[in-house]
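One structure is given here, and the rest of the page talks about it.
The values are calculated or read from the model by the stated rules, or taken from the named source; none is laboratory data. For clarity, every value in this text was computed on a predicted model and none was experimentally measured. No Cβ is skipped: glycine too gets one built from the backbone with ideal geometry, and neighbour counts run over all protein chains shown.
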Amino acid sequence: MTDKKFERFGKYLILDHLVDGGMAKICRARFLGEQSNKVVAIKMVQPQFSKDPNFVRMFQDELSVCFGLLHPNIAQTYDYGKVNEQLYTAMEYVDGANLKQFLDRLKEKNFVFPVEISVYIISQVCQGLHYAHTFTEKLSGQPLNIVHRDISPHNVMLTYDGAVKVIDFGIAKSNSNSEATQAGTIKGKLSYLAPEYLEGLELDARYDEFAVGITLWEMLCSRKMFTAANDLAVLKQIQACKIAPPSSINPNVPKELDAIVMKALSKDRSQRYEDMDKFNRALVKFLYSQYPDFNPSDLSYFAKELFKDEIKRDKEKFVEYGKIDVQPYIDDLNKDQNGKPAAPAAFPMPNASGGEQLVRQERIEIDLDEPSSSNEEGSATIELATSSPQTSTRKVARASLSKEKAKTSTSIKMSKRTDKTSTSSNKTMSRSKKDLEKGEKESSSSVSVIFILVASLCGVAYFQGDFMEEMIGINLHKMIHGEGDRTISSVSNPSVAKETKVAPQPQLPKEGTITLGGVDFDMEVLINGQKQAYVSGTAMKVPLDQNITVMVKKAGYKSFMKTIALTAEENSVFVQVPEPVRARTGLLSSSLNYGAGSILIFEVDGEKIEKTMPFRDIAIPSGSYQAKVINPALGTEKEIEFLIEENKMQLLP
């Protein structure tokens, strides 16, 4: 990777391609500048389209819509321009996958989106779109009346850290658009059009609401809503707008959520929610009334478990990308910009291990600038510039020096000097010798005082780093030497005490963590048969390198059980508990053939059950059971079998 030659595209270094389309390609890239560790996504328009006036106009329309948008649920646009006659936009790199990829991955595993996570994702989409719909351009004060027009699972990104981002305002409609849609053309994905589009009505925020409703329906039902053999048949379905409630396909969907989804999917847009904020409020109210233990971090656990292989590969890639020596590319960029080799700058440089570190600079400069004729005071600037692999910080202290009215310019540079005076140069001889000597003494005295003061402060900041960190939040010792631990040798003799750094030893984790998703408050969680006080979304600590049996129980439903073994390398796991399936049960009673005090022992889903006899009508999941009856008082033990049939009563033989 370090020997590979990368393509420089303007002020960006292209790392790899994400999407290669017919009109544009999207790449991951590093910014070549002060933030050279910043990764962005670049949409690079193909050269032939960059010269097409109609396409350029459409490109400008997209920028006029999205460049001012700044919201946590909308992917931000950073930059735009043209390089070698090729249009481009630089956007926020969203480290994750789109909703369509999530749906496809779940289908592969025969799962559907958990109801609570589906509702949370769509609530975030609503917030981002409501911001766009109501966005007002600050410089003009005019509302843009933006309508996205292309909402679908493809254009909703979910980061692996649990953030939700709306992307691609490429065909968005707003007051800033330069041209209207041509007759006979359809903008947007066919299966996500709203009925009013086919009727030729003016589109507003409720058009996006319908598409968001379709997306939520598809997440709950794990299938497309409008689908047919050809496009004409799809258009007829949209026009008819006869939609089945999600619960008719997925019985785990509560009726309350049915009502919300069906309102958003009303054929008559006046029957939908007034705006995306009202839609969002209904979703949030439902979410926390039905799933009070839900936490947004549940989405992160869910995403990381679903895409753990991709996350691992990407992590390895980014570590390699971090080892690239970007300085030659920066030099090449500076040559293009200035037409001549650029002066060296403090950009990341490769170290011996192939990583990056910043060149260390330790310097104290004092500049006495010439005062203007209207000001009798000059300024002194003391700079201490230090940098390390962890940080690059510059602290500047300023002090005012009283000077007489004179055209004097003095520059004093100090590095490893112990003398407390400095000499002046380039002085004009317009004053008397006495005045000059007086001015020199005052200047020298002031500089000495400042130098001693700064040196003292630097000494305290360096040798009492922890104390200064508590006081002002800055640790000079760590800034220069890094975060390594310090030990003092020869403590008994302070005169020979010296400071050494001890590299921290890597420690392997002693425990792993298991996090469960989809656990309701009325469920029981057991680890190796021991009941846990589990709160949804929290991580449970478990031993490494041994089988851990996780069981989730709910009265009247089949238990969920999974065996997991964690290692030091793979020391955490997220387990999505599927929606519980109602158990088919029968009733069991004991006969009088067994003496009082006898105990029936059997297992249900791996859990040991003990019932003191006699007993009547206990509910047990249907199935065949091997059991034994013991009587501690008599010391007897007998093995028996019994069969439980659904909705029937059984008497022990």
- Look at the stretch 41-56 and say how many of its residues are outside any strand (DSSP E or B) and either over 26 Å from Lys138 (Cα atoms) or at pLDDT 85 or above (or both). 10
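List the helices (runs of 4 or more DSSP H) inside the stretch 188-252, counting only whole elements, that have at least 1 residues being β-branched (Val, Ile, Thr) and out of contact with any Cys (no Cβ under 9 Å at 6 or more places or on another chain).
In the stretch 188-252, the matching helices (runs of 4 or more DSSP H) lie at 205-221, 231-240.
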- Restricting the search to the stretch 104-122, which residues are crowded, with 17+ Cβ neighbours inside 10 Å and over 22 Å from Leu516 (Cβ atoms)? Ile122
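Would the stretch 590-599 turn up any residue that is part of a strand (DSSP E or B) and either touching a residue at least 40 places away in the same chain (Cβ under 8 Å) or buried (at least 16 other Cβ atoms within 10 Å of the Cβ) (or both)? If you could, list the steps in order and put the result at the bottom.
So the first thing to find is which residues in the stretch 590-599 are part of a strand (DSSP E or B), and the list is 599.
Of the ones still in play, those that are also either touching a residue at least 40 places away in the same chain (Cβ under 8 Å) or buried (at least 16 other Cβ atoms within 10 Å of the Cβ) (or both) are none.
Among the residues of the stretch 590-599, not one is part of a strand (DSSP E or B) and either touching a residue at least 40 places away in the same chain (Cβ under 8 Å) or buried (at least 16 other Cβ atoms within 10 Å of the Cβ) (or both), which makes the answer no.
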- Task: For Leu106, indicate whether it is farther than 30 Å from Met225 by Cβ, modelled with pLDDT of 85 or more and outside any strand (DSSP E or B).
- Result: no
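Conditions tested, residue by residue: (1) part of a helix (DSSP H, G or I); (2) farther than 18 Å from Gly96 by Cβ; (3) outside the structural domain of Tyr12 (by TED's automatic domain parsing).
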{"residue": "Asn295", "(1), (2), (3)": "no, yes, yes"}
{"residue": "Glu316", "(1), (2), (3)": "yes, no, yes"}
{"residue": "Val319", "(1), (2), (3)": "yes, yes, yes"}
{"residue": "Leu333", "(1), (2), (3)": "yes, yes, yes"}
- Message: If I ask for residues that are surrounded by fewer than 16 Cβ atoms within 10 Å (Cβ to Cβ) and under 16 Å from Leu15 (Cβ atoms), which ones from the stretch 326-339 would you list?
- Response: Pro328
- Task: Quickly run through the stretch 236-284 and pick out the residues that are farther than 23 Å from Phe113 by Cα, free of Cβ contacts under 8 Å to residues at least 24 places away in the same chain and among the aliphatic types (A, V, I, L, M).
- Result: Ala240
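For (1) buried (at least 20 other Cβ atoms within 10 Å of the Cβ); (2) closer than 30 Å to Pro143 by Cβ, each residue gets a yes or a no:
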residue	(1), (2)
Leu32	yes, no
Met58	no, yes
Ser64	no, yes
Ala75	yes, yes
Gly81	no, yes
- Hey, among the residues in the stretch 83-103 that are aliphatic (A, V, I, L, M) and in contact with a Leu (Cβ under 7 Å, 6 or more places away or on another chain), which one's surrounded by the most Cβ atoms within 10 Å (Cβ to Cβ)? Leu99
- Message: Which condition from (1) out of contact with any Asp or Glu (no Cβ under 9 Å at 6 or more places or on another chain); (2) assigned to a loop (DSSP other than H, G, I, E, B); (3) surrounded by 14 or more Cβ atoms within 10 Å (Cβ to Cβ) is the one that Tyr301 breaks?
- Response: (2)
- Is there any pair with a first residue in the stretch 114-140 that is of a type in the set (Gly, Ala, Ser) and a second that is in a helix (DSSP H, G or I) and crowded, with 22+ Cβ neighbours inside 10 Å whose Cβ atoms are under 8 Å apart and which are 6 or more apart or on different chains, and what are they? Ser118/Leu216; Ser118/Met219; Ser118/Leu220; Ser123/Leu283
- Query: If you check Arg57 against the conditions, is it over 29 Å from the mean Cα position of the chain (by Cα) and in contact (Cβ under 8 Å) with a residue 60 or more places away in the chain?
  - Reply: yes
- Query: Yes or no: Arg8 outside any helix (DSSP H, G or I), of a type in the set (D, E, K, R) and either buried (at least 21 other Cβ atoms within 10 Å of the Cβ) or free of Cβ contacts under 8 Å to residues at least 40 places away in the same chain (or both)?
  - Reply: no
